[in-house]
1. Residue by residue through region B:66-86, note down the ones that are small (G, A, S) and outside any helix (DSSP H, G or I).
2. Which one of the conditions (1) more than 16 Å from A:R7 (Cβ to Cβ); (2) surrounded by 19 or more Cβ atoms within 10 Å (Cβ to Cβ); (3) of a type outside the set (F, W, Y) does B:N99 fail to meet, given that it meets all the rest?
3. Residues in region A:69-98 that are touching a strand residue (DSSP E or B) at 6+ places or on another chain (Cβ under 7 Å) and either within 16 Å of DNA strand D (Cβ to nearest atom) or closer than 30 Å to B:V33 by Cα (or both): how many?
4. Restricting the search to region A:1-29, which residues are crowded, with 17+ Cβ neighbours inside 10 Å, more than 10 Å from DNA strand D (Cβ to nearest atom) and in a helix (DSSP H, G or I)?
5. Please go through (1) of a type in the set (G, A, S); (2) within 14 Å of another protein chain (Cβ to nearest Cβ); (3) within 29 Å of B:A40 (Cα to Cα) for A:S39 and return the number of the only condition it doesn't satisfy.
6. So, in region B:64-92, how many residues would count as being β-branched (V, I, T) and either over 16 Å from the mean Cα position of the chain (by Cα) or within 14 Å of DNA strand C (Cβ to nearest atom) (or both)?
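Quick note: the coordinates plus some simple rules give every number you see, no bench work behind them. Predicted model only: the values in this text are computed from it and were never measured. Counting neighbours? That spans all protein chains shown, and the Cβs are built from the backbone with ideal geometry, glycine included.
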Number of protein chains: 2
Amino acid sequence: MNHKLFRGSLDTIIIKLLSDNGPMYGYEITQKVKVMTSSAFKITEGALYPALHRLENKGLLDTETKNIGNRFRKYYTLTESGIKESSQMLEDMQAFIRNIQIIMNPAIN
Amino acid sequence: MNHKLFRGSLDTIIIKLLSDNGPMYGYEITQKVKVMTSSAFKITEGALYPALHRLENKGLLDTETKNIGNRFRKYYTLTESGIKESSQMLEDMQAFIRNIQIIMNPAIN
DNA sequence: CCCTATACCTAAGGTATTTATGTATATTAG
DNA sequence: CTAATATACATAAATACCTTAGGTATAGGG
């Protein structure tokens, strides 16, 4: 997979996963995406954590830290604002996919 | 349209258009994309020209300048190397679309 | 006991964008 | 005729996101 194509879609992927699965923690997101895409998408931690913090700072995500034995996990949830913005983000992504499909598979006349 | 999603796919779009339509000039590419996507994708000149020059420097595109009255146009064509690389780029894009679709529209069980 | 997996994080550097600006010719509307 | 818009190229500064590389620490399997 060409990793360049991935650029710009990470935020939407995170929002969509949280929207579908409820609270998730960072590492869980990377693994979920890996499984769903048969390892085609590998979200690096250097991209993921800054993205999560960005979305949190924008008020789209809330966090809750849970202790699991001696470890901790930071669970991320969509805020009200995050839920509202998510529908626009998903629409934008669907529109993007439709249009890129038109270019990649133009109707044969 | 959220322009962030567009990031990273410009090179592939250029290569695909040249592959489908033969030689094209920069402005023509922006207009073609605009028409195909009903104005959803607007390729800015600040993104387009550096991209064209980049692809030319990589040896994927050749240019030919033509005079049209007192004006000139720079037509871009795929080189042999560009044709070879294009199939990989198009495959990568198809794979990207498939996987992003899986995330955006997971099967309902 | 060591390697791998789990789980968080940040910093430096690279690179593709946006935004703004510049130049010039052609065409259309008033 | 002249002003605005369209055509057509281009670059530079700023921004934003990503990769790569590193750091810390616990858990579990061989």
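1. Matches in region B:66-86: B:G69 only.
2. Unmet condition: (1).
3. So the answer is 6.
4. The answer is A:I15, A:K16, A:L17, A:L18, A:G26, A:I29.
5. All conditions pass for A:S39, except number (3).
6. Result for region B:64-92: 2.
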